[in-house]
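J.: This is the structure, below, for whatever I ask next.
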Amino acid sequence: MRARRSAHLPRSPGALLETGTGRHVRALRTDGELDADRLAAAVRTVAAAPPFAGFAPDLRRHDAGALGPGDPAASCVALLRAERDRPADHDGGAPIRFHWVPLAARRHVLGLVAPRDALDARSLYAALGAVLQAYFGRFRPAAYRDPTELAGFEPVGTPTAEAARRRWWTREFPRYATPVRGPRTGPRRVGTARLRIDARRWAALTGGSGPLGTNGPLAVVALLAWCLRAQGRPASSGFACDFDLRDYHALGQVLGPLTDRLAFRVDVDGLRSPAFSDVMRRTQTGFLDAVVHYLPYPRLLDHGLRTGALHPPHTAALWDVTVHFCRNPPRSARTRNERAPAGGLSIELFREAELLGADGQFGAVPTDGVLLDVHVGELDDDMVLVLDYVRPDLAEAAVDQLLDRLRQLIDQIGADPAAPLPDLSQR
């Protein structure tokens, strides 16, 4: 779609509650014989390819002895998070860098740290995969589209199409329930909570039908919509999520910040003892309405401010819960019920869920009105919800209550997906 030229793609706002560096990290774990020099050569091969411009050409190697006592994997998580949080100039002008950490004689971790405004989560996974392709001699740069080809890409289309979408949003804004908040007191900081969901219950959550079929992150939005309603959140409430422009516009395999923020409304008003599938359909309907009327997030904010629906500086107050996810994310072999070939190199995601979240670090607290920021990540065979929340706007007791209600809801859905959902406000 090139109907109208644009100076650049809409920049992804990234995780709202990340630390001040604005970088994120993902990693793979390998089990088996791995040659570090050959891996370093693979990194140089990938970094030299035009689609990977900006990547550091060398592999930063870490000494296993520096991990310290205790669980090597936990120490590696701490190391990679520390690399993520270092000052931007720490790597001498190379903000996108691969890291190699040996955990044991035949177990290693390959991590990638990058700025969010340079690579989104899907790009991180693609780049990690490219290095392993190069390691085995199967890397093909031509399979990755050159991002410079998209310099004139316009994600909306003609001015007429954009005007129609703005008119739709003018009618849609008043349908969002305005959140009720008390006065802000004391310093605002970020806390992190986690909820682990075993594989069987996750399958029950994501095995439903609807216009989008299986979609884990939207299932999380549906869970939150029902649980937060019980905690006094309005029944027609706004959410935001990551929106992958690659799939929406069939852009192919391209690296960059090609994820925008999509705001949408989940209306659970009038539902009485619904099944989870009923809440899921309401969630999918709100999401699809926003997809059809998509405006790049900066333009959506501009339109909201111009019409008086949004107010600075809390421009995201109408959708104060955000769920981040990677469209079609990779999954470990265990999650796919696969086994590594005998004698081969086993490749798994490395503690994805533990590399997410602020975990109490005092980073940049959002000022746009978002209070709850949720990531979905894998850990072993299970999935984990990582909830970053702004304190004291959201009290720790309120988050604990939300976690309890989520557990209760997930347990019931896992036992009987068709059963009516409980009225959590009575508990």
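J.: Mind ranking Cys76, Cys326 by accessible surface for me, highest first, 1.4 Å probe? If you can, show how the numbers build up before the last one.
T.: Working: Cys76 0, Cys326 20 Å².
Ranking Cys76, Cys326 by accessible area, largest first, yields Cys326, Cys76.
J.: Okay, moving on. State the extension gain, in nm to one decimal, for the chain segment bounded by Arg188 and Ala151, taking 0.36 nm per residue of separation less the distance between their alpha-carbons.
T.: Working: separation 37, 0.36 × 37 = 13.32 nm, distance 3.86 nm.
Contour length minus Cα-Cα distance gives 9.5 nm.
J.: Keeping every protein chain in place, order Asp63, Asp423 by accessible area at 1.4 Å, biggest value first, i.e. largest first. Could you put the intermediate results ahead of the total?
T.: On the way: Asp63 105, Asp423 70 Å².
Per-residue accessible area, sorted high to low, gives Asp63, Asp423.
J.: Report the label-to-label distance for Asp37 and Arg107 in nanometres (one decimal), using points 7 Å from each Cα along the Cα→Cβ vector.
T.: 2.7
J.: Among Ala358, Pro392, Leu379, pick out the residue whose Cα is farthest towards the positive end of the charge dipole of region 355-425, where Lys and Arg carry +1 and Asp and Glu carry -1 on C-beta, about the Cα centre.
T.: Farthest towards the positive end: Pro392.
J.: When only alpha-carbon atoms count, how far does region 247-291 stretch along each of its three principal axes, as whole angstroms with the largest first?
T.: The principal-axis extents, from largest down, are 44, 17, 14 Å.
J.: Relative to the present Cα-Cα distance, how much length would full extension add between Ala235 and Arg138 at 0.36 nm per residue of separation?
T.: Numbers: separation 97, 0.36 × 97 = 34.92 nm, distance 5.12 nm.
Roughly 29.8 nm would be gained on extension.
The values are calculated or read from the model by the stated rules, or taken from the named source; none is laboratory data. Every value quoted in this text rests on a predicted model; they were computed, and no experiment measured them. Positions of Cβ are generated from backbone atoms using ideal geometry, with glycine treated the same way; all protein chains shown enter the neighbour counts. For the accessible areas, the whole protein counts, side chains as well, though only heavy atoms, and no ligand, DNA or RNA atoms are used. Shrake-Rupley method; radii C 1.70, N 1.55, O 1.52, S 1.80 Å.
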